[in-house]
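**Student:** My questions will all concern the structure given below.
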Amino acid sequence: MGPSETDPHRAPVRQSSPGTISRRHQDALLAARLYYLQDLTMDGIARQLRTSRSTVSRLLTLARESGLVQIQIHSPIDSAVELETAVAEQFGMAPSSVHVVPQVENLNEAETLDRVAMYAARTLTPFVSSRTVIGIAWGSTLSAMSRYLNRKPTHGTTVVQLNGAANTQTMGLGYASEIMRRFGRAFDADVEEFPVPAFFDRPETKDWMWRERSVRRVLAVQERMSLAVFGVGSVGAEVPSHVYSGGYLDRDDLESLAAEGVVGDVATVFFRADGSSDGIGLNARATGPDFAALRRVPRRLCIVSGPSKAEALRGALNARLVTDLIVDEATGRALLTEHA
């Protein structure tokens, strides 16, 4: 923004004539220069011009209305809206279900994740009402999001953990339980934790555990979900996905995922870039919901931050796991580039 370049310090002009500027407009131009270019307050300008604050206000209004000052707003939101439409069209989603968080320069992926997590927490609140069953997949993104949840009292609401958190190094209770408790506190909800490993050592162990009444009770709660909230895991993310950095996978596991073309996971169930998940050995040992069951949940909110997760997000979208998406602008652009 800025005033015209007419010199405000020349001798006063008492009368207007062709090619000249009136004294009133000169005063307006000087006030605009001091206000917009030198960041003086209206009180400071009033002292300098030896006039009142209200007169300065009228001079600034005159400067805007007469065209001496032209204000332009360069909004990142406009490009974000266009990106929302492009992503929705590319992946067959409703435009209103895609939310792009505008990009802010000079933020690293960790700082961007924090902004996306805050946006996601605010977006989630209207989705939750009394007697909602909310499925939560623990992870770095949901951990960040849980810290920004607004409190919305409900009754009869349940928060249920979608996948186990234990591994050979830890039971995972401190990490996953804290995420679950934050969601429970935000909505006055009952919390159903899932005290099983993220991955069993053998598929047959999972088959037997799934017959236990204590496990079947949690699975029955999951079947009543009307809302699932999750991020997307990616082995190559700049902010490491917890399943890849928290000791859940050994070298053999990672090598098998690479050989099978895996690009990411949702709730520790893995998929390829085209959305397929059949024939991936680790999925037979994983405790997250199979994708057919997840697709039956009416609303599935996915939150993703960081361009390094674009390929994994594309796989999740191709698998039709997502009904509502929150993503930062850089990741949204990378997603379209990946898809091109």
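Read-outs throughout are calculated quantities, based only on the coordinates presented, and are distinct from any laboratory measurement. This structure is a prediction, so every number in the text was calculated from the model and none was measured. Don't worry about glycine lacking a Cβ; one is built from the backbone with ideal geometry, like all the others, and counts go over all protein chains shown.
**Student:** If you take every residue apart from M225 with its C-beta less than 10 Å away from the C-beta of M225, what net charge results, scoring Lys and Arg +1 and Asp and Glu -1?
**Tutor:** On the way: positive: R224, R296, R299, R300; negative: E223.
In short, +3.
**Student:** Follow-up. Could you work out the relative contact order of the chain? I mean the mean sequence separation of Cα pairs under 8 Å and 6+ apart, divided by the number of residues, in percent.
**Tutor:** Over the chain, the number comes to 17 percent.
**Student:** Once you compute Rg and the Kirkwood Rh from C-alpha atoms, what is the Rg to Rh ratio for region 267-340? If you can, show how the numbers build up before the last one.
**Tutor:** Details: Rg = 12.5 Å, Rh = 12.8 Å.
Rg/Rh: 0.97.
**Student:** Here is a further query. Show me 302-315, 34-47 ranked by packing, highest mean number of other Cβ atoms within 10 Å first.
**Tutor:** Working: 302-315: 25.9, 34-47: 15.5.
Top to bottom by mean Cβ count within 10 Å: 302-315, 34-47.
**Student:** By the scheme Lys and Arg +1, Asp and Glu -1, what is the net charge of all other residues having a beta-carbon under 12 Å from that of D114? All intermediate terms of the calculation are to be shown ahead of the outcome.
**Tutor:** Working: positive: R115, R147; negative: E109, E111, D328.
It works out to a net charge of -1.
**Student:** Ok, one more. What's the angle, to the nearest 10 degrees (0 to 90), between helix 53-65's Cα axis and the longest principal axis of the chain?
**Tutor:** Tilt of helix 53-65: around 80 degrees.
**Student:** Give me the net charge for the shell around S234: Cβ to Cβ below 9 angstrom, other residues only, Lys and Arg +1, Asp and Glu -1. Walk me through the numbers before you get to the answer.
**Tutor:** Values: positive: K309; negative: D265, E311.
Overall, the nearby charge balance is -1.
**Student:** Now a separate question. When Cα extents along the principal axes in Å is calculated directly from the model, which label among [x] 96, 45, 35; [y] 61, 56, 31; [z] 59, 44, 40 fits?
**Tutor:** [x]
**Student:** What do you get for the angle between helix 109-124 and the principal long axis of the chain? Use alpha-carbon atoms, 0 to 90 degrees, nearest ten.
**Tutor:** Relative to the chain, helix 109-124 is tipped by roughly 80 degrees.
**Student:** May I pose another question? Using a Gaussian network model on the chain with a 10 Å cutoff between Cα atoms, which of A284, A63, A94 fluctuates the most?
**Tutor:** Sorting by GNM fluctuation, first place goes to A63.
**Student:** Follow-up question, since we're still on this one. In Å, the Kirkwood hydrodynamic radius of region 217-340 over pairs of distinct alpha carbons? Intermediate values should be presented prior to the final figure.
**Tutor:** Working: mean 1/r = 0.0680 Å⁻¹.
14.7 Å is the Kirkwood radius here.
**Student:** Also: Give me the extension gain from E178 to S129: residue separation times 0.36 nm, minus the current Cα-Cα distance, reported in nm with one decimal.
**Tutor:** On the way: separation 49, 0.36 × 49 = 17.64 nm, distance 2.18 nm.
Residue separation times 0.36 nm, minus the Cα-Cα distance, leaves 15.5 nm.
**Student:** So, one more: Give, in nm to one decimal, the length gained when the segment between R122 and R320 is fully stretched (0.36 nm per residue of separation minus the Cα-Cα distance).
**Tutor:** Details: separation 198, 0.36 × 198 = 71.28 nm, distance 2.40 nm.
The R122-R320 span can extend by a further 68.9 nm.
**Student:** Please name whichever of A32, L227, T158 sits farthest to the positive end of the charge dipole of the chain, dipole taken about the Cα centre and charges placed at Cβ: Lys and Arg +1, Asp and Glu -1.
**Tutor:** The residue sitting farthest along the positive end of the dipole is A32.
**Student:** Pairing the Cα long axis of helix 213-222 with the longest principal axis of the chain, what angle in degrees results, from 0 to 90 and rounded to the nearest 10?
**Tutor:** 30
**Student:** Per DSSP H run of at least 4 residues, take -39500 (n - 2.57); add these up for the chain, divide by its residues and hand me the 222 nm value, nearest 500 deg cm²/dmol.
**Tutor:** Working: 14 runs with 139 residues, N = 340.
Only helices count here, giving -12000 deg cm²/dmol.
**Student:** Sort 138-145, 316-323, 83-90 for me by packing, meaning the mean count of neighbouring Cβ atoms within 10 Å per residue, highest on top. Each step should come with its number before you reach the end.
**Tutor:** Values: 138-145: 25.1, 316-323: 21.0, 83-90: 17.5.
My ranking of the peptides, most packed first, is 138-145, 316-323, 83-90.
**Student:** Name the residue from G279, T268, A176 whose Cα lies farthest towards the positive end of the charge dipole of the chain, charges +1 on Cβ of Lys and Arg and -1 on Cβ of Asp and Glu.
**Tutor:** A176
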